[in-house]
Amino acid sequence: MNHRVAGHRSLWSLTVLCLLRERPMHPYEMQRLIRQRHKDAFLDLKRGSLYHAIERLQRAGLIDPVETNREGRRPERTIYRLTELGEREVLDWLRELLAQPARETSQFLAAVSYVAQLAPDDARDQLAERANRLELALVGLDAVLQKLIPQIGRVPLLEAEYARAMLRAERDWVRSVLEDLRGGGLTWNPEAILRTCGVPPSSEQAQPDAPLP
């Protein structure tokens, strides 16, 4: 990895570089393709971040403006192209992302780690709601894949397949926890857990920190 350009990395930047590998284009066309290919449905691409990504990529020497034109009363549109450095960077970056598992933050994982703060019945109700929402999301993804695969093929939709697989795995896990909660195989006492967590360590356990060398 080229550390000189590593600071530009974001999902927007990756998307811009990959789009410009297809052909030079202006930001409006990038936005159109992102929506057309449903990339915004599977990537956390916040609206308005595109131009910031373009600025960072240009400063890093990964893209260059080719020309600026205007059609009628529309604002000027700058067309960008990928540089040789950008070509190398995006391919190296993609290889790295595909090969190296990354520990990604998850709000759900954080909630699961504190689930004992809720009563088991309360946790069961919330997880049942989550299972229903996951099922609805899966139905939506199935519809998208059934519609688009015949039109554009499977390769552009691999991220949707992956998202579907992750949703199915999560749904199945949530259902298994729900089954244990409903059957009594999994339970806890929130007050007892809070009391246990709130007990200060004994004098034998509470060892002073070692002085710094």
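Taken together, the values in this text are just the output of simple stated rules run on the coordinates, not laboratory data. This one's a predicted model, so the numbers in the text were calculated from it and none came from an experiment. Please note: Cβ atoms are built from the backbone with ideal geometry, for glycine as well, and neighbour counts cover all protein chains shown.
Protection proxy ranking of 119-126, 181-188, by the mean of other Cβ atoms within 10 Å over each peptide's residues and highest first, is 119-126, 181-188. Annotation: amide H-H contacts under 5 Å for Val66 (H modelled 1.01 Å from N, sequence separation of 5 or more, or interchain): Ile79, Tyr80, Arg81.
On the principal axes of its alpha carbon atoms, segment 67-183 extends 66, 32, 31 Å, with the longest extent given first. Basic side chains Lys and Arg get +1 at the Cβ, acidic Asp and Glu get -1 at the Cβ, and with that the dipole of segment 11-146 about its Cα centre reaches some 540 debye. Annotation: peptides 31-38, 190-197, ranked by per-residue average of other Cβ atoms within 10 Å with the highest first, follow the order 31-38, 190-197.
As a rough guide to protection, the peptides 8-14, 143-149, 169-175 ranked by mean Cβ packing within 10 Å, highest first, stand as 8-14, 169-175, 143-149.
Scaled against the 2.2 N^0.38 Å expected of a compact globular protein of N residues, the Cα radius of gyration of the chain reads 1.45.
Mean residue ellipticity, 222 nm, helices only, the chain: the sum of -39500 (n - 2.57) across DSSP H runs of n ≥ 4, divided by residue count and rounded to 500, is -19500 deg cm²/dmol. Please compute the net charge surrounding Leu178, taking Lys and Arg as +1 and Asp and Glu as -1 over other residues with Cβ under 14 Å from its Cβ. Net local charge, Leu178 excluded: -3.
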